[in-house]
1. Using Cα-Cα distances under 8 Å and only pairs 6 or more residues apart, what relative contact order does region 1-135 have, in percent?
2. Please go through the residue pairs LYS27/LYS118; LYS22/LYS64; LYS90/LYS118; LYS64/LYS114 and name each one whose alpha carbons sit more than 26 Å apart in this structure.
3. Rounded to the nearest 0.05, what FRET efficiency is calculated for MET10 and ASP54 with R0 set to 22 Å and r the Cβ-Cβ distance?
4. What ranking of MET10, MET121, MET78 comes out by heavy-atom accessible area, probe 1.4 Å, highest first?
5. Would you mind getting the accessible area per residue of region 1-126, heavy atoms of the protein chains only, 1.4 Å probe, in Å²?
6. What full-extension length gain, to one decimal in nm, is calculated for LEU106 and LYS27 as 0.36 nm per residue of separation minus the Cα-Cα distance?
7. Among LEU62, VAL16, MET78, pick out the residue whose Cα is farthest towards the positive end of the charge dipole of region 1-160, where Lys and Arg carry +1 and Asp and Glu carry -1 on C-beta, about the Cα centre.
8. In Å, what is the Rg of the alpha-carbon atoms in region 1-135, and how long is Dmax?
Amino acid sequence: MNIFRLAGDMTHLASVLVLLLKIHTIKSCAGISLKTQELYAIVFASRYLDIFTDFISLYNTLMKLIFLGSSFSIVWYMRSHNVVRRSYDKAQDTFRHYFILLPCLLLALFIHEKFTFKEVMWTFSLYLEAVAILPQLVLLQRTRNIDNLTGQYVFLLGAYRGLYILNWVYRYLTEPHYVHWIPWISGIVQTLLEEQQKAPVASLIPHAKDCNYLNFCGILFLMNAHPISHNT
């Protein structure tokens, strides 16, 4: 494992911890899209099917368990917690996220590296992750209000992908025959989607201009490299 991969994993973990901190500490999920969190739960559940059959390393297994547990915990908080669920803005979070599941699945059935159940589901998770942030971005645009923790959460999601870019570049330069078109193309799709939403979201985050957030996001969302799976 190289330093870029480790830093990317830790940044991704930090984004989840920031969101859990917001929900658990202040008992509020204001500004958070349940639809996006449900999509991420599906992403992790479909991506980490190999947790039951393939042991890569203790680190790899622990990270998979953490992301699975945290993603479903967030969904539970927003759906079932007596206090937290009251702060969920269902009226604004109306993106019909279920309609993007079938196209992603169909695409994975036709475009994949190997036609096996685990490989198709892993590919499906890549396609779905590329668009999973859309409900969150739409919610932020509609409410026109974002607190610091929510802004940090969105920012860290971008940072983790940016670090995975460096992981991809490093491995491309140091490992023979390291070519994976599916995650690279899904990353490009995600980049195009983020470019359409980048400016409106950045304008909502406090002090975004002072920290050059907009320009930083343009780099960080360049491409989505391999996530934790398949020993990448």
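The values are calculated or read from the model by the stated rules, or taken from the named source; none is laboratory data. What you are looking at is a predicted structure, and each value in this text was computed from that prediction instead of being measured. Reconstructed Cβ throughout: ideal geometry from the backbone, glycine too, with neighbour counts over all protein chains shown. In case anyone asks, the SASA skips ligands and DNA or RNA and just uses the protein heavy atoms, side chains included. Shrake-Rupley method; radii C 1.70, N 1.55, O 1.52, S 1.80 Å.
1. On the way: 123 pairs, mean separation 47.1, N = 135.
Relative contact order of region 1-135: 35 percent.
2. Details: LYS27/LYS118 37 Å; LYS22/LYS64 22 Å; LYS90/LYS118 34 Å; LYS64/LYS114 22 Å.
Violating the 26 Å Cα-Cα cut-off are LYS27/LYS118; LYS90/LYS118.
3. With R0 = 22 Å, the Cβ-Cβ based efficiency is 0.45.
4. Numbers: MET10 80, MET121 35, MET78 5 Å².
In descending accessible area the options line up as MET10, MET121, MET78.
5. On the way: 6450 Å² over 126 residues.
Heavy-atom SASA per residue in region 1-126 reads 51 Å².
6. Details: separation 79, 0.36 × 79 = 28.44 nm, distance 3.80 nm.
Using 0.36 nm per residue and subtracting the Cα-Cα distance, I get 24.6 nm.
7. Value computed over the given set: MET78.
8. 15.9, 45
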